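Here's the structure we're looking at; comments come further down.
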Amino acid sequence: MSKEIIQTIDAPAPIGPYSQAVKTGNLLFVSGQIAIVPATGELAIANIQEETIQVMKNLKAVLLEAGMDFTHIVKTTIFLSDMSLFTAVNEIYAGYFGGGFPARETLAVKGLPKNVNVEISVIAAH
């Protein structure tokens, strides 16, 4: 099975040895996105709402580069710095889907890259 590396300047460049996404067959595996603004490299972390919106924008950019959108997502993983952020993140996250939500798990973790509060990865299918 072949794999295609997906890369776009409209999402943050990887901050380690990984790809923004890898497409194999009809599946797209998008690496965890944090709230880095691609144009500046700065973090959008004034509040959890702004942070979550930037994460979702970054995911959207990678999906679009692969010829997909949020309707193609079948699975998400959300990492939070604290479960007290769950409701606020959920409200923003839900607005990007028109129902028919993907499967998901949400975990609180000890730390995230660049000390952000939310990181989201997705699997999409075409």
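A short reminder: the numbers here are calculations on the coordinates, not readings from a lab. As the structure is a prediction and not an experimental result, all values here were calculated from the model. With ideal geometry, Cβ positions are generated from the backbone for all residues, glycine too; neighbour counts draw on all protein chains shown.
Please compute, over every Cα-Cα pair in region 4-125, the percentage with a separation greater than 20 angstrom. Roughly 36 percent, once rounded to a whole number.
Taking each DSSP H run with n ≥ 4 as -39500 (n - 2.57) and averaging over every residue of the chain yields -7000 deg cm²/dmol at 222 nm. Subtract the Cα-Cα distance of Glu105 and Asp82 from 0.36 nm times their separation in residues, and report this length gain in nm to one decimal. My answer for the length gained is 6.8 nm. Descending by average beta-carbon neighbour count within 10 Å, the peptides 119-125, 98-104 line up as 119-125, 98-104, the highest first.
Rounded, prolate or oblate: which fits region 40-83 when a ≥ b ≥ c are the square roots of the eigenvalues of the alpha-carbon gyration tensor, with rounded for a/c under 1.5 and prolate only if a/b beats b/c? Oblate is the answer for region 40-83, as a/c is 1.5 or above yet b/c matches or exceeds a/b. Ordered by residue, what ³J(HN,Hα) values in Hz, to whole numbers, does region 8-14 give under the Karplus form 6.51 cos²θ - 1.76 cosθ + 1.60, where θ = phi - 60° and Gly and Pro are x? Once rounded to whole Hz, the list reads 9, 6, 7, 10, x, 5, x.
Net length available on complete extension from Lys75 to Asp10 is 21.2 nm, with 0.36 nm assigned per residue and the Cα-Cα distance removed. Highest mean packing first, where packing is the average number of other Cβ atoms within 10 Å per residue, the peptides 56-68, 78-90, 36-48 line up as 56-68, 78-90, 36-48.
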